[in-house]
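The values are calculated or read from the model by the stated rules, or taken from the named source; none is laboratory data. If you're wondering where the values come from, they're calculated on a predicted model, not measured in any experiment. Quick reminder, even Gly has a Cβ in these numbers, built from the backbone with ideal geometry, and neighbours come from all protein chains shown. For accessibility, only protein heavy atoms count, side chains too; no ligands or nucleic acids. Shrake-Rupley method; radii C 1.70, N 1.55, O 1.52, S 1.80 Å.
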2 protein chains.
Amino acid sequence: MSADNDQQAREQLIDLAAQFYDQFELGEIPHMSVPTRTKNNIEYDEDSDVWVYGDRESTRSANSVRGARKLLKAVYTIEFLADQLEQDRSSTLRELYYLSESWDNKEAQFNDQDESNGLIEDLEIVSGVTREDFHMRPEESGAKVMGPLRIREQTNRGDRDIHCQLDVGQGGYQIPNNPDTIEFLDNDADFVLCVETGGMRDRLVENGFDEEYDALIVHLGGQPARATRRLTKRLHDELDLPVTVFADGDPWSYRIYGSVAYGSIKSAHLSEYLATPEAQYIGIQPADIVEYELPTDPLSDSDINALESELEDPRFQTDYWEEQIELQLEIGKKSEQQSLAARGLDFVTDTYLPERLSEMGVL
Amino acid sequence: MSADNDQQAREQLIDLAAQFYDQFELGEIPHMSVPTRTKNNIEYDEDSDVWVYGDRESTRSANSVRGARKLLKAVYTIEFLADQLEQDRSSTLRELYYLSESWDNKEAQFNDQDESNGLIEDLEIVSGVTREDFHMRPEESGAKVMGPLRIREQTNRGDRDIHCQLDVGQGGYQIPNNPDTIEFLDNDADFVLCVETGGMRDRLVENGFDEEYDALIVHLGGQPARATRRLTKRLHDELDLPVTVFADGDPWSYRIYGSVAYGSIKSAHLSEYLATPEAQYIGIQPADIVEYELPTDPLSDSDINALESELEDPRFQTDYWEEQIELQLEIGKKSEQQSLAARGLDFVTDTYLPERLSEMGVL
């Protein structure tokens, strides 16, 4: 699987570079067009329920010194990536930035990491190949899985078969930077439960929630890394498992849910690769704050602004979200998921989650 | 092992509560004395090479309403912890804060998490039992190990035998919140290499550095969690392995080294449990910035202040550190560990680390 991907990614990169030569031959000024990556050029795709780029494009063309320099950097980067794929190596985004200092042409070197990160995003969009398939790693992810699932991970030192309950410690199975190296062998899972905080993830594991309910507990660790979102999508699409998201009851956590379910502006070109539009939100819901009388904090001004901007956000324009967000603005309060501990350490696993999952039709 | 620890921890907590009753019986006003936890009351212990608290004490006494409330909270918390140990449960620091809302006496409830965190620290110091032995977890750690070591982890669902190269994916073995649940079975390791950033950790694993040099690669992930420092100390003390620290070349990273080697002010009562005074610093050293002509950033004002305050810090008052810090102030520059990529992706594993480890007498 992976070797094929590598070959394909390499060919697509080389095609890209070849385009510049073709343009030269045709007497055209070399150029590359990419969709504009701003909020104004993001469209909600009704069919696939995800965010994608619209029709606006910006062009990097060699008819200015600045544009020519951009293309030069792109060509050097393409060469580096093609070599990296041929040698089955990988590198971090940060390493690419530093590595450019070793390139013979000073004009091709990056001025800062934003520039090299941005170029990699351009290349992803133009080539249709994901960064992971270029073998470019982010800094780190740290997310982990616990539940009744046996996987095979293709590591650079051989395959590893791992059961995500029996073969791991209390910390669970560490998701690799590129989860497409994982093959799902077999599983007894009924659903996926993505959890925002480490404290709640540890609570669920200690209480044996994954064993009792055949849940795959995926730790998001705040705003989830691409690797975590990709794995979640694969669990949904390939194993046909319902995906649920359990987060704090505040606007920032609704955005975490949104990025799992619908994708983000920064990676709209990858929504079909990363987003799970069928993902459902468990809570903490504003309605839970009222119903369970949870300990709360007052909404800050920035919380209120964030909630109001969510009301304008097409991703949240459903009856469910409008009702919840308006309720939250009315009560003026927010609660963390760990605040369920105010009703005892077992309340979340004995009462709250089973009730919510039944309501949602997952259990 | 763990059951004994639990029993002991429980007894020490109950002894503590019993003291208050004894004080009542003797006609004394109940009180509890703890060392003052400020910079002024930190002493460098020459014998053990770690930081410990000095003689200054503050007393929480029931002769004021405020003091009485503190003791009340302590008694409720002791009861909760003793029950938790008896039932072999655990909880997070955040859960304790929320849980207090369920206590029948409103005066015993915590006002914020700083208060409950502080009380747990008080109880650690007064009882001589660590937070881990109270079964109180931090939010999360995320650190991981890769290398020739086979461990047995006692999880709450049975023992797990795991080889930290053969039984794990590319992400490595996830260190649990309480690493004292780990038993070292056997190993072929020659030394421990603690690495600051995830990007460098991934580089070393991809390049097979742990295999070629029989290194245990411990990912610190910035300022290391207690669990990571504890595991590092145990690897040193129990397996007799040299410990080395590989971090960025800036004052904040020297502090990371300092916290592995000498402990910190916040946890000075735990230095003997957490610190590895024999740990050696590999780099990035200011001398490396010059020798290898690494890409640099200029020192900011806060970098300069931090370096100057390190010159005053007894932990850094060695010829080695004085020379390095003065050199850095002179050149006015800092470099990240990933900047070694400017000399190629293999430079760190083929050249830099082997050279430094030889100089240090580790290889």
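Quick check, is A:SER116 in a helix (DSSP H, G or I) and within 11 Å of chain B (Cβ to nearest Cβ)?
no
Any residue in segment B:200-211 that's more than 8 Å from every other protein chain (Cβ to nearest Cβ): show its pairings with residues that are part of a helix (DSSP H, G or I) at Cβ separation under 6 Å, as long as the two are six or more apart or on different chains.
So the pair list comes out as B:MET200/B:GLN337; B:MET200/B:GLN338; B:ASN207/B:THR349; B:PHE209/B:THR349.
Which condition number in (1) assigned to a strand (DSSP E or B); (2) within 11 Å of chain A (Cβ to nearest Cβ) is the one that B:PHE184 fails?
Every condition holds for B:PHE184 apart from (2).
Against the conditions (1) more than 19 Å from the chain's Cα centre (by Cα); (2) within 21 Å of A:THR155 (Cα to Cα), where does B:ARG157 fall short? Just the number, please.
Every condition holds for B:ARG157 apart from (2).
Could we say that B:ARG89 is open to solvent by 30 Å² or more (accessible area, probe 1.4 Å), over 18 Å from A:ASP297 (Cβ atoms) and more than 10 Å from chain A (Cβ to nearest Cβ) here?
Here the answer is no, as B:ARG89 does not meet what is asked.
Find the helices (runs of 4 or more DSSP H) located wholly in segment A:266-317 whose residues include 2 or more that are touching a strand residue (DSSP E or B) at 6+ places or on another chain (Cβ under 7 Å) and in contact (Cβ under 8 Å) with a residue 60 or more places away in the chain, and list them.
A:271-274
Listed residues A:GLY171, A:GLY199, A:GLY147; which is buried (at least 21 other Cβ atoms within 10 Å of the Cβ), out of contact with any Leu (no Cβ under 9 Å at 6 or more places or on another chain), over 30 Å from A:LEU85 (Cα atoms) and of a type outside the set (A, V, I, L, M)?
A:GLY171
In segment A:244-260, how many are of a type outside the set (Ser, Thr, Tyr), crowded, with 23+ Cβ neighbours inside 10 Å and within 14 Å of A:VAL218 (Cβ to Cβ)?
Of the residues in that region, 4 qualify.
Among B:ARG94, B:ARG60, which is in contact with a helix residue (DSSP H, G or I) (Cβ under 7 Å, 6 or more places away or on another chain), surrounded by 16 or more Cβ atoms within 10 Å (Cβ to Cβ) and not in a helix (DSSP H, G or I)?
After ruling out the rest, the residue left standing is B:ARG60.
In segment B:131-145, is there at least one residue being among the hydrophobic types (A, V, I, L, M, F, W, C) and within 10 Å of chain A (Cβ to nearest Cβ)? Steps first, please.
Of segment B:131-145, the ones among the hydrophobic types (A, V, I, L, M, F, W, C) are B:134, B:136, B:143, B:145.
From what is left, the residues that are within 10 Å of chain A (Cβ to nearest Cβ) are B:143.
The answer is yes; a qualifying residue exists.
Counting only residues that are of a type in the set (Gly, Ala, Ser) and in contact with a helix residue (DSSP H, G or I) (Cβ under 7 Å, 6 or more places away or on another chain), which one in segment B:190-221 is nearest to A:THR92 (Cα to Cα)?
Among those residues, the one meeting the criterion is B:GLY199.
Looking at B:SER102, B:SER127, which is the one that is surrounded by fewer than 21 Cβ atoms within 10 Å (Cβ to Cβ), under 21 Å from the mean Cα position of the chain (by Cα) and either in contact (Cβ under 8 Å) with a residue 12 or more places away in the chain or facing chain A (nearest Cβ under 9 Å) (or both)?
None of the other options fit; the residue is B:SER127.
Any idea how many residues of segment B:1-20 are of a type in the set (Gly, Ala, Ser), open to solvent by less than 50 Å² (accessible area, probe 1.4 Å) and under 30 Å from B:GLU153 (Cα atoms)?
2
Being touching a Phe, Trp or Tyr at 6+ places or on another chain (Cβ under 8 Å) and modelled with pLDDT of 95 or more: is that true of A:VAL218 here?
No, not satisfied.
Considering each residue of segment A:335-363, count those that are away from chain B (no Cβ under 14 Å) and in contact with a Pro (Cβ under 7 Å, 6 or more places away or on another chain), and give that number.
Result for segment A:335-363: 2.
How many of the residues in segment A:150-168 are more than 10 Å from chain B (Cβ to nearest Cβ), open to solvent by 30 Å² or more (accessible area, probe 1.4 Å) and assigned to a loop (DSSP other than H, G, I, E, B)?
0
Which of the following residues is farther than 30 Å from A:MET200 by Cβ and surrounded by 22 or more Cβ atoms within 10 Å (Cβ to Cβ): A:PHE134, A:PHE110?
Testing whether each residue is farther than 30 Å from A:MET200 by Cβ and surrounded by 22 or more Cβ atoms within 10 Å (Cβ to Cβ) leaves just A:PHE134.
In the list A:ALA261, A:ALA341, which residue meets the criterion of being outside any loop (DSSP other than H, G, I, E, B) and over 17 Å from the mean Cα position of the chain (by Cα)?
None of the others qualify; the one that does is A:ALA341.
Look at A:ASN177 and say whether it is open to solvent by 10 Å² or more (accessible area, probe 1.4 Å), in contact with a Pro (Cβ under 8 Å, 6 or more places away or on another chain) and under 20 Å from A:ALA9 (Cα atoms).
yes
Of the residues B:LEU340, B:LEU357, B:LEU363, B:LEU345, which single one is of a type outside the set (D, E, K, R) and at pLDDT 95 or above?
Going through B:LEU340, B:LEU357, B:LEU363, B:LEU345 in turn, the sole match is B:LEU357.
Yes or no: A:GLY332 more than 14 Å from chain B (Cβ to nearest Cβ), at positive phi and open to solvent by less than 10 Å² (accessible area, probe 1.4 Å)?
For A:GLY332, the condition - more than 14 Å from chain B (Cβ to nearest Cβ), at positive phi and open to solvent by less than 10 Å² (accessible area, probe 1.4 Å) - is not met.
Modelled with pLDDT under 90, of a type outside the set (Gly, Ala, Ser) and closer than 25 Å to A:ARG229 by Cα: is that true of A:ARG60 in this structure?
Considered against the rule, which asks whether it is modelled with pLDDT under 90, of a type outside the set (Gly, Ala, Ser) and closer than 25 Å to A:ARG229 by Cα, A:ARG60 comes out as no.
Can you find, within segment A:21-54, the residue that is most open to solvent (accessible area, probe 1.4 Å) among those that are touching a strand residue (DSSP E or B) at 6+ places or on another chain (Cβ under 8 Å), more than 21 Å from A:ALA275 (Cα to Cα) and not in a strand (DSSP E or B)?
So, considering only residues that are touching a strand residue (DSSP E or B) at 6+ places or on another chain (Cβ under 8 Å), more than 21 Å from A:ALA275 (Cα to Cα) and not in a strand (DSSP E or B), the one most open to solvent (accessible area, probe 1.4 Å) is A:ILE29.
Specify the residue that is most open to solvent (accessible area, probe 1.4 Å); the eligible residues are those in segment A:344-355 that are assigned to a loop (DSSP other than H, G, I, E, B) and within 13 Å of A:PHE209 (Cβ to Cβ).
That would be A:ASP346.
In the set B:GLU326, B:GLU310, which member is open to solvent by less than 50 Å² (accessible area, probe 1.4 Å) and closer than 24 Å to B:PRO277 by Cα?
The match here is B:GLU310.
Let me spell it out: the conditions are (1) within 16 Å of the chain's Cα centre (by Cα); (2) not in a helix (DSSP H, G or I), and A:ALA227 meets all of them except one. Which number is the exception?
Only one criterion is unmet by A:ALA227, namely (2).
Out of curiosity, is A:PHE80 free of Cβ contacts under 8 Å to residues at least 60 places away in the same chain, of a type in the set (A, V, I, L, M, F, W, C), part of a helix (DSSP H, G or I) and within 14 Å of another protein chain (Cβ to nearest Cβ)?
yes
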